[in-house]
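Structure first, then comments.
The values are calculated or read from the model by the stated rules, or taken from the named source; none is laboratory data. Since the model is a prediction, treat every value here as computed from it, not as a measurement. Cβ placement follows ideal geometry from the backbone for every residue including glycine, while neighbour counts extend to all protein chains displayed. SASA here: full protein model, heavy atoms, side chains in, ligands and nucleic acids out. Shrake-Rupley method; radii C 1.70, N 1.55, O 1.52, S 1.80 Å.
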Amino acid sequence: LNQFNCNQLALVNKNEIWLSTFKGDLLLLRNKKIYRTIKNSEGLPENITKIIATKNRLWIASKTGLYILTKNDFKIYKLSKFDGLPSQEINAICLNNDTIYAATTNGIAQLPVAMKIHKYDINPTITTLKINNELFPVRHFYKLDEEKKSISIQLAGVDLSGHFKKFQY
């Protein structure tokens with residue numbers, strides 16, 4: 001275990017340990033061997049301040065929110081001020097019985113360990129299409145001439161959760 005440049009540790013049981021690296025990656029060790037690696041680029045925060053392992057989740061505190069990693073499918077969910085946290089900046093977390101307490105810069109949040117996590121899907125729709133700065137009707141298929149190289153697409157999507165920031169292509 002000496003080869004890891006660790007930032008935080010969370011003990012699951014005597015055979016499993018989660019650790020975060022200074023690069024922002026997470027490693028799950030089983031019987032002192034790497035069982036799973038989750039890279040920072042998969043949606044983890046870069047500034048992990050504390051991790052806590054519960055039965056089905058890994059709770060990750062950071063300066064940009066509280067992240068939850070589900071152990072059954074290794075999906076990452078971010079909780080923020082939009083979800084009811086007093087602040088984005090999580091200074092510390094602790095576990096007491098079936099509650100996670102998150103100390104933020106604007107107060108303490110209490111979260112049940114078994115809370116339901118909702119993932120909202122946003123279905124984007126193309127609202128405007130311009131080719132060489134000329135407006136075109138929205139269709140499912142286009143056959144363009146070689147000189148039509150400049151394509152501009154505007155999208156719209158409805159997000160009732162407050163998390164919508166942008167689409168990226």
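Report ³J(HN,Hα) in whole Hz for each residue of region 127-134, in order, from the Karplus equation J = 6.51 cos²θ - 1.76 cosθ + 1.60 where θ = phi - 60°; Gly and Pro get x.
9, 9, 10, 10, 10, 6, 6, 10
Can you give me the long-range amide H partners of residue 87? Hydrogens built in the peptide plane at 1.01 Å from N, cutoff under 5 Å, separation of 5 or more residues or another chain.
Distant-sequence amide H within range of residue 87: 106.
When all protein chains stay in place, what accessible area (Å², nearest 10, 1.4 Å probe) is found for residue 83?
80 Å²
Return the carbon/sulfur percentage of the accessible area of region 1-119, one whole number, probe 1.4 Å, all protein chains in place.
47 percent
Restricting to Cα pairs below 8 Å that are 6+ residues apart, what does the relative contact order work out to for the chain? Please round to a whole percent.
The normalised contact order for the chain reaches 11 percent.
Per residue of region 149-157, in order, report the coupling 6.51 cos²θ - 1.76 cosθ + 1.60 (Karplus, θ = phi - 60°) as ³J(HN,Hα) in whole Hz, putting x for Gly and Pro.
Couplings: 10, 9, 10, 10, 10, 9, 10, 9, x Hz.
Once you have a ≥ b ≥ c as the square roots of the Cα gyration tensor eigenvalues for the chain, tell me rounded if a/c is under 1.5, and otherwise prolate or oblate according to whether a/b is larger than b/c.
Since a/c reaches 1.5 and a/b is larger than b/c, the shape of the chain is classed as prolate.
Probe of 1.4 angstrom, ligands and nucleic acids ignored: what's the accessible area per residue over the chain, in square angstrom?
69 Å²
Once you have a ≥ b ≥ c as the square roots of the Cα gyration tensor eigenvalues for region 70-120, tell me rounded if a/c is under 1.5, and otherwise prolate or oblate according to whether a/b is larger than b/c.
Oblate, because a/c is 1.5 or more while a/b does not exceed b/c.
Given H placed on each backbone N at 1.01 Å, which residues far from residue 75 in sequence or on other chains put an amide H within less than 5 Å of it?
When sequence neighbours closer than 5 places are left aside, the close amide H contacts are 70.
What chymotrypsin sites (Phe, Trp or Tyr not before Pro) in region 13-53 are in a loop by DSSP, with at most 15 other Cβ atoms within 10 Å of the Cβ?
When the chymotrypsin sites (Phe, Trp or Tyr not before Pro) of region 13-53 are filtered for loop state and at most 15 Cβ neighbours within 10 Å, 22 remain.
Under 5 Å between amide hydrogens, which residues at least 5 positions from residue 57 or on another chain qualify, with H placed 1.01 Å from N in the peptide plane?
71
Could you give the longest part of the chain that holds none of the GluC sites (Glu not before Pro) found in DSSP loops with at most 14 neighbouring Cβ atoms within 10 Å?
It works out to 47-145.
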